[in-house]
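The values are calculated or read from the model by the stated rules, or taken from the named source; none is laboratory data. Please read all numbers here as calculations on a predicted model, not as lab measurements. Every residue, glycine as well, gets a Cβ built from its backbone with ideal geometry; the counts of neighbours run over all protein chains shown. The protein model used for the area step is the full one, side chains on, heavy atoms only, and it has no ligands, DNA or RNA in it. Shrake-Rupley method; radii C 1.70, N 1.55, O 1.52, S 1.80 Å.
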Amino acid sequence: MALDTLVGVRGEMARLYRLALNGKIPSDEMTRYIYALKEIRACLEAEVLTDVQQRLMVLSRNMDNRNGHHIIHQPTVPSS
């Protein structure tokens, strides 16, 4: 199972849990593997958070743009 997605990590955790539940691996071994998978999950979540933060920065930089064009702000009352 690929461990490069949260779904993959969750699936691997479930597989290990079932193995331990059925006596195929010792529970302390399962615990060590699950800990490593939790660390992988944390890294994947951090990557997603970083991506969201970068997208927000781009959106906030482009708030003055409309359809890719810069909007020139003009005063509503003409100066005399």
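Distance in nm between label sites at Leu49 and Asn62, each 7 Å beyond Cα in the beta-carbon direction?
About 2.5 nm, to one decimal.
Work out the length of the dipole vector of the range 1-46 about its Cα centre, built from +1 on the beta-carbon of each Lys and Arg and -1 on the beta-carbon of each Asp and Glu, and round it to the nearest 20 debye.
Details: 7 positive and 6 negative charges, 37 e Å.
Charge dipole of the range 1-46: 180 debye, to the nearest 20.
Could you let me know the centre-to-centre spacing of the range 1-16 and the range 36-57, using Cα atoms, in angstrom?
Answer, in whole Å: 16.
What does the charge count around Val48 come to, taking other residues whose C-beta lies under 13 Å from its C-beta (Lys +1, Arg +1, Asp -1, Glu -1)? List each step's numbers first, then the result.
Details: positive: Arg41, Arg55; negative: Asp4, Glu45, Glu47, Asp51.
Result for the local shell: -2.
Taking the solvent-accessible surface of protein heavy atoms with a 1.4 Å probe, what is the per residue accessible area of the range 1-67 in Å²?
Working: 5430 Å² over 67 residues.
Here the residues of the range 1-67 average 81 Å² of exposed surface.
How would Leu19, Leu44, Leu56 line up by accessible area, probe 1.4 Å, largest first?
Details: Leu19 50, Leu44 25, Leu56 105 Å².
Descending order: Leu56, Leu19, Leu44.
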